[in-house]
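Notes follow once the structure below has been shown.
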Amino acid sequence: GADRTLDGGKDIFVTKFSPAGAILYSTYLGGPCDDSARDIAIDAAGNAYVTGRYNGGVCYAEFAGALVAKLDPAGALVYASVLGGSLADSSVGHAIAVDAAGHAYVTGIASSASQDFPTTPGAYRTGECDNVLRFANDGFVAKLSTDGSALLYSTVLCGSGDDSPAGIAVDADGNAYVAGTTGSSDFPTVNPFQATRGGGPVGLTGFVSKLTPDGSQLAYSTYLGGSGSQAIGSIAVDEQGNAYVTGETESVDFPTTPGVLQEHAGNRLCIEGCTDAFVTKLDPSGSALVYSTYLFGELDDAGARIAVDPAGNAYVVGTTNSSYFPIVDAFQAS
């Protein structure tokens, strides 16, 4: 079922490995222009769901949008859908999740000159925000039907600044949890742990939002950050509805909880500004922290992705320049 031909200057690839590391399938995925993938999810049947960006037939005119594609267990294309505006679109899908029924949930940035990113009646917000800066992006969250032919809901999630969702997770009830970065002082908050934007006058801060199963309301939405800039890179959700996020922060007052691994920011030795990673767990209401910790060495550290197992252990991956990053039972200790 694989597409063995490179269709443009840059295509997506999707590769499936066996538990022993053998390649079961490997395929190109793309059109005549440059296409890119940002995230992948798998359902219980072994179908793969991919999101990113598709560029259309006019490679430099940006008549394109956010890609949502599904491949079957053998690597054949089941569907490919593009979400975008009708004119000069630069929308991108940043993250994707799938529920037990096979619905794909996608989040990313909605950006088009025509300001007509597709939304659905009754969704939380059906129109793009009036941004202070012309280049600012809005976030979007969309749920697709199992065959990819229809939007079950699609909503914009934004304030008047630059908004960029980076991660999405879905629970057993169909609630979608979205996290990312915002420069908006008026980003929507509901039952928040943190009601006002951090990041200083021009900085960025994190946000975590939970959408109801029909996409019509925010069950909660909160800022998350300190007085410096920070960015959330990923979100995971456990069976109880606790949300886990990771990212990077410049703040020395990022919200933490007593008794964690690193309650206070480190003594950073960067010549220019550098960041610490963080790991935060929010309770099901979104209004309280179960725990929150820095994760750092002496130089630049950043959390990129997070996952959680059934026992509630969080697994974090990212990057570090630090020789004194906390190391325990290490495969690679230096």
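Roll a 1.4 angstrom probe over the protein heavy atoms and tell me the percent of accessible area of the chain that is carbon or sulfur. Working shown, then result.
Details: 8000 of 15010 Å².
Using a 1.4 Å probe with all protein chains present, the chain comes out at 53 percent carbon and sulfur.
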Quote the accessible area belonging to Asp186 in square angstrom, nearest 10, computed with a 1.4 Å probe and with ligands, DNA and RNA left uncounted. 90
If each residue of separation counts as 0.36 nm, what is the full-extension length gain between Val328 and Ile42 once their alpha-carbon separation is subtracted? 99.9 nm
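Evaluate the Kirkwood expression for the hydrodynamic radius of segment 218-334, namely the inverse of the mean inverse distance over all pairs of different C-alpha atoms, and round to one decimal in Å.
Numbers: mean 1/r = 0.0686 Å⁻¹.
Answer for segment 218-334: a Kirkwood hydrodynamic radius of 14.6 Å.
So what is the relative contact order for the chain, in percent, with contacts set as C-alpha pairs under 8 Å and at least six apart? Walk me through the numbers on the way to the answer.
Details: 1018 pairs, mean separation 29.7, N = 334.
Dividing the mean separation by the residue count of the chain yields 9 percent.
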For the chain, please report how many Lys pairs fall under 19 Å Cα to Cα, leaving out neighbours fewer than 8 apart on the same chain. 4
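Over 29 Å apart: what share of the alpha carbon pairs of the chain falls there, rounded to a whole percent? Don't skip to the end; give the middle numbers.
Numbers: 21730 of 55611 pairs.
Looking at the chain, the distances longer than 29 Å represent 39 percent of pairs.
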At q = 0.09, 0.14 Å⁻¹, what base-10 log of I(q)/I(0) does the Debye formula yield for segment 1-138 when every alpha carbon is treated as an equal point scatterer in vacuo? -0.29, -0.68
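For segment 173-224, what is the accessible area per residue in Å², given a 1.4 Å probe and the full set of protein chains?
Working: 1760 Å² over 52 residues.
Accessible surface, normalised per residue, equals 34 Å².
The values are calculated or read from the model by the stated rules, or taken from the named source; none is laboratory data. Quick caveat: nothing in here was measured; it's all calculated off a predicted structure. We work out accessible area using only protein heavy atoms, side chains counted, and drop any ligands, DNA or RNA first. Shrake-Rupley method; radii C 1.70, N 1.55, O 1.52, S 1.80 Å.
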